[in-house]
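Just so you know, all these numbers are worked out from the coordinates, no wet-lab data involved. Being a predicted model, the structure only gives us computed values, none of them experimental. Methodologically, a virtual Cβ is constructed for each residue, glycine included, from the backbone with ideal geometry; neighbour enumeration extends over all protein chains shown.
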2 protein chains.
Amino acid sequence: MKKKETVKQEIIEAARQLFSRYGFRKTTMEDIARVTHKGKSSLYYYFRNKEEVFRAVIIHEASILRKALKDATTGISDPAEKLEKYMKVRMHTMKELINYYDAVEHEYDSHYSFVDRLRDQFDQDEAQAIRSILDEGVEQDKFQALDTELAANTLVIAMKGLEYPLVWKGSAQNLDKRIQKIVKILFYGLLKR
Amino acid sequence: MKKKETVKQEIIEAARQLFSRYGFRKTTMEDIARVTHKGKSSLYYYFRNKEEVFRAVIIHEASILRKALKDATTGISDPAEKLEKYMKVRMHTMKELINYYDAVEHEYDSHYSFVDRLRDQFDQDEAQAIRSILDEGVEQDKFQALDTELAANTLVIAMKGLEYPLVWKGSAQNLDKRIQKIVKILFYGLLKR
DNA sequence: GTATTTTCGACTTTATTGTTAAAATATTCT
DNA sequence: AGAATATTTTAACAATAAAGTCGAAAATAC
C-alpha cells in the first residue's frame, strides 16, 4: 500500500532524465509514460499535471544538491578549506542541474515564478550555510572579524554570477580555475596575515 | 549569387546539431530557424520540407564518415592494421551519428525507407571497402586465401551487430575493447601462422 | 530604374499534447 | 468468496504547437 510513493519516485527519476536531456518543453508526458512503462493517463494518478512532475523533480534535485554539499564539507575542520570545497562542489553539482533552469528560464509563464521562488529559498539557505562557515573562521581566529551576513550574501551573488557562463562554456577545468581565483581573492582579503 | 548554397550549408549545420541532440521528432523547423537567425518560412525557400532538411543532413554525415574512413586508412600499408583502424574509426564515428538513426528508427513511416535505402547503399560501399583491404592482405600473403566477398560481408554484419549495444552503453573504452576482441578473433582465424 | 533573389509575417492545416472522466482491472481486506 | 480500495487503461476532447503555404516587403543584382 505504500507502493504509491515508490512509483512516484520511479516517475520522478524517469522525468529527471528526460527533463535534463530535453528540457521542460520538449519532454512530453508520453515520453515519461513510455520510460516508466505506463499509460500516459496513469501519470495523472500520481501527479496533478506536468508542472507538478517538474516541481517534484526540481525539489528532488535540490535535496541532492544539499546532501552533496553536506557530505562534502562535514569532516573538514579548516574553514578556509571548507569554504573552497563548498564552492567547488556547489558549482560542479549545479553544472549538472543547470539544464533544468536553462530549460525553464526561457519560458515566460507561470513556471518562472515557481522556480524563482524555489531558487530564492535555496539562496537564503545557502547564505545561511556560508555564513556559518565564515563564523567558524572568525571564531577560530582565521578570518578577519567582519559582517559575516554581508560577506555570505556577497559570496552567494558571486556564485550566481559564475553560473551564467556555466551554461555556455562547460569546461570543468576552467571552472575550477575560476573558482580558485575567486576563492583566492576572497581569502587574501579575508585571511589574517 | 552562389549565396544559396552557402546558406543551405549553414542550415544543414544548424540542423545537424539539433537533430543529433534532440532527434528528428523533437527538432522543429522553428528550432532550426532560431539557430540560423532566420524566419521559419525562409527555410522553405531552401528546402521543400523538414524531411528534405533531414535527408541533406544524413547525406552530409555519410560523406563525413566516408572521408574520416579514407583519411584514417590511407597511408597504412599493413592490411591487418588498416582493417583494425578502419573498424575503430568506423565505430567511433558511428557513435556520433547514431542519434539520427536512433531517432528515426522508431518512427515507422516514410522516413524509414529512405534511411534504410541510404543505409543499404552505405553497407554495400562498406563491404566493398573492406573487401579491398582483405584482398590486399591476401595479395601480400598475410591473410589466408579465402572468399573475400563473403568475409567482407561477415565483417559488415559484425559491425552492424556492434552498433546496437552502442546505442545503449556509450562507453568508448568498452567499445575499443570489444572491437579489439573481434579483430583479434578474426585475425587468429585470418592470419597466417 | 527594373528584375531577381531572399526574407518574413500572417495564415491555414495538421498533428501532438495535456488533461479529464469513466470504465476496466488488479489488489487488499473481511 | 465478495465488498472495498487502489491502480491502470481507454477514449475523448480542447488547447497548443508544429508543419507548411502564400503574397508581399526588403534586399540585392543587373
For this session: Would you calculate the separation in nanometres between label points at A:ARG66 and B:GLU5, each defined as 7 Å from the Cα along the Cα-to-beta-carbon direction?
Result: 6.1 nm
For this session: Using label points projected 7 Å from each Cα along Cα→Cβ, tell me how many nm separate B:LYS160 and B:ILE76, to one decimal.
Result: 2.3 nm
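Under the 0.36 nm per residue contour assumption, what length would be gained going from the current alpha-carbon distance of B:LYS142 and B:TYR45 to full extension?
On the way: separation 97, 0.36 × 97 = 34.92 nm, distance 5.48 nm.
Residue separation times 0.36 nm, minus the Cα-Cα distance, leaves 29.4 nm.
For peptide A:23-32, compute the average count of partner chain beta-carbon atoms within 10 Å of each residue's beta-carbon. Kindly include the intermediate steps, with their values, before the conclusion.
Values: counts 2, 0, 1, 7, 1, 1, 0, 0, 1, 0.
Per-residue shielding by partner chains comes out at 1.
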Exercise. Quick one: if you stick a label point 7 Å off each Cα along the C-beta vector at B:PHE122 and B:GLN180, how many nm between them?
Worked result: 2.7 nm
